[in-house]
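So that we are looking at the same thing, I have put the structure below in structure tokens.
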Amino acid sequence: MTTKSSQLVSKKPVVRGIDVGYGHVKLTLGRDRSNTIEATSFPSQAPTANDIDLHAEFLMRPDTFRVPVNGRLYEVGRQVNITMSSNQELEQLDDQFPLSDGYTARLYGALNYMMPGLGEEKEIDMLVLGLPMNTLTKHKKALEEKFRGEHEINTKGDRIKIVNCKVHAQPLGSYAYFVEDNPDLRDAPPMTLIVDPGYNTVDWFVCQGLVPNPGQSKAVNRGVSAYLREVAKSINKAHSDYGVSETEIVRMLDRHLIGDETFQLASDVIDLTPHWKAGDPVIEQACQAIRDSVGSGGNIRLILITGGGAKLYEQRIREKYPKHRVEVIANSNLANVRGFHVIGQWTAASAMRASTLASRGA
């Protein structure tokens with residue numbers, strides 16, 4: 001009988017990480033020649049696919065995929081914003097999101113981006129996913145079981161097989177990524193607080209090495225989306241004559257934060273300086289919740305800030321913990337998923353060692 005462990009040792013295991021967030025879907029594509037984990041992302045939105053196809057020889061299709069889930073087609077990908085109306089509310093912010101068709105559609109989108117690098121077998125030996133702290137216990141087992149096996153991921157009928165699927169706390173991914181870049185921490189890891197301001201929740205995770213402290217690891221719904229919503233209200237109040245909806249402004253702000261140099265309404269550049277402060281209460285509430293949970297942190301030696309909202313929340317965390325070493329993880333928006341890739345490789349290597357020892361003892 002072929003076991004999962006023996007499947008992993010038959011060849012060099014193919015490992016991938018996917019972080020289906022509330023704001024963005026992040027994924028890994030393997031390691032490049034310099035051993036860097038390649039990663040990318042796309043918006044976490046999945047509108048129902050439009051039956052009308054307007055592209056012609058001189059028009060390009062958007063960078064999206066049509067994916068089938070339970071008899072319905074969804075559009076997912078980097079340019080999904082082109083395919084939907086400005087007022088569609090597509091962000092799913094409830095705690096049942098991980099088991100929804102919308103989550104599956106987003107994950108299939110990630111698998112489509114991965115497919116060219118999977119070779120002829122179109123197989124992933126170890127897929128690592130992440131969940132926020134407030135849904136990890138509730139959905140971990142069901143999510144692992146749901147995505148093991150073979151999946152049809154687009155309207156062309158392409159299929160990908162996932163041999164093993166593991167689910168971990170989102171902040172643990174960033175910790176694993178940081179440890180890989182700082183190997184001196186592996187032998188004597190300090191007690192660490194990882195703060196992960198995501199799109200929906202702000203998660204925090206206390207651990208020493210890979211040993212967690214569950215009593216000080218929690219989440220609160222005061223993430224980047226709540227912050228952007230307050231900023232959007234301020235902008236809308238000051239510039240109501242443009243007639244732009246609050247929902248559309250939130251999406252524009254999100255794109256602005258991840259790379260756009262200017263923020264524009266119609267053809268006009270808008271100065272955001274007077275509006276950022278409207279979201280300050282959201283950040284204060286989140287950081288105070290961390291302080292209430294963790295306390296003064298006398299036993300904590302290192303605080304890591306990660307996630308897409310790291311820069312927004314950094315200053316307030318430093319104010320709450322002025323005596324601590326606080327670091328923002330480099331490329332923090334992709335740190336979780338790169339860490340999932342690292343954890344997947346650790347897990348696969350462990351399975352290979354265990355199988356080798358078992359075969360020697362046989």
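Suppose we keep only residues that are farther than 29 Å from Y175 by Cβ and touching a residue at least 60 places away in the same chain (Cβ under 8 Å) within the stretch 122-153. Which one would you say is surrounded by the fewest Cβ atoms within 10 Å (Cβ to Cβ)?
Going through the qualifying residues, I end up with E152.
Out of curiosity, is R325 over 24 Å from the mean Cα position of the chain (by Cα) and at pLDDT 95 or above?
On the way: over 24 Å from the mean Cα position of the chain (by Cα): yes; at pLDDT 95 or above: yes.
When the stated conditions are applied, R325 passes them.
A further question follows. Here are the criteria: (1) modelled with pLDDT of 90 or more; (2) among the charged types (D, E, K, R); (3) in a loop (DSSP other than H, G, I, E, B). Tell me which single one R16 does not satisfy.
(3)
Then there is this: Restricting to the stretch 309-348, and then to whatever is in a strand (DSSP E or B) and in contact with a helix residue (DSSP H, G or I) (Cβ under 9 Å, 6 or more places away or on another chain), can you tell me which residue is nearest to L129 (Cα to Cα)?
V328
Select from the stretch 154-165 the residues that are in contact (Cβ under 8 Å) with a residue 40 or more places away in the chain and closer than 13 Å to L107 by Cβ and write down the one among them that is surrounded by the most Cβ atoms within 10 Å (Cβ to Cβ).
Among them, the one singled out is I160.
What do you reckon, is I124 assigned to a strand (DSSP E or B), closer than 22 Å to R72 by Cα, touching a strand residue (DSSP E or B) at 6+ places or on another chain (Cβ under 8 Å) and β-branched (V, I, T)? I'd like the intermediate steps shown before the answer.
Details: assigned to a strand (DSSP E or B): yes; closer than 22 Å to R72 by Cα: no; touching a strand residue (DSSP E or B) at 6+ places or on another chain (Cβ under 8 Å): yes; β-branched (V, I, T): yes.
In short, no.
In the stretch 270-293, is there at least one residue being at pLDDT below 90, charged (D, E, K, R) and under 26 Å from N200 (Cβ atoms)? Walk me through how you get there before you give the answer.
Taking the stretch 270-293 first, the residues at pLDDT below 90 are none.
Looking through the stretch 270-293, none of the residues is at pLDDT below 90, charged (D, E, K, R) and under 26 Å from N200 (Cβ atoms).
To continue, here is another question. Test E75 against the criterion of being modelled with pLDDT under 95 and assigned to a strand (DSSP E or B), and give yes or no.
On the way: modelled with pLDDT under 95: yes; assigned to a strand (DSSP E or B): yes.
It is true that E75 is modelled with pLDDT under 95 and assigned to a strand (DSSP E or B).
To continue, here is another question. Going by the structure shown, is V195 within 20 Å of D19 (Cα to Cα), surrounded by 21 or more Cβ atoms within 10 Å (Cβ to Cβ) and among the aliphatic types (A, V, I, L, M)? Walk me through it before giving the result.
Values: within 20 Å of D19 (Cα to Cα): yes; surrounded by 21 or more Cβ atoms within 10 Å (Cβ to Cβ): yes; among the aliphatic types (A, V, I, L, M): yes.
Yes; evaluated as a whole, the condition is true for this residue.
Consider only pairs whose beta carbons are under 9 Å apart and that are at least six residues apart or on different chains; among these, list those whose first residue lies in the stretch 185-200 and is in contact (Cβ under 8 Å) with a residue 12 or more places away in the chain and closer than 14 Å to A310 by Cβ and whose second residue is of a type in the set (F, W, Y) and assigned to a loop (DSSP other than H, G, I, E, B).
Between residues of the stretch 185-200 that are in contact (Cβ under 8 Å) with a residue 12 or more places away in the chain and closer than 14 Å to A310 by Cβ and residues that are of a type in the set (F, W, Y) and assigned to a loop (DSSP other than H, G, I, E, B), the close pairs are L193/Y321; G198/Y22; Y199/Y22.
What pairs can you find where one residue is in the stretch 92-114 and touching a residue at least 24 places away in the same chain (Cβ under 8 Å), the other is among the small types (G, A, S) and assigned to a helix (DSSP H, G or I), and their Cβ atoms are less than 7 Å apart, with a gap of 6+ or different chains?
Q92/G102; L93/S225; L99/A142
Within the stretch 313-341, how many residues are surrounded by 23 or more Cβ atoms within 10 Å (Cβ to Cβ) and among the aliphatic types (A, V, I, L, M)?
Number of matching residues: 5.
Going through the stretch 151-166 one residue at a time, which ones are of a type outside the set (S, T, N, Q), more than 21 Å from the chain's Cα centre (by Cα), closer than 23 Å to V337 by Cβ and not in a strand (DSSP E or B)?
Within the stretch 151-166, D158 is the sole residue that qualifies.
Conditions (1) among the hydrophobic types (A, V, I, L, M, F, W, C); (2) touching a residue at least 60 places away in the same chain (Cβ under 8 Å); (3) within 20 Å of Q288 (Cα to Cα), marked per residue:
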residue	(1), (2), (3)
S225	no, yes, yes
K237	no, no, no
L253	yes, no, no
S267	no, no, no
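The values are calculated or read from the model by the stated rules, or taken from the named source; none is laboratory data. None of the values given here were measured: they were computed from a predicted structure. All Cβ positions, glycine included, derive from the backbone under ideal geometry; neighbour counts span all protein chains shown.
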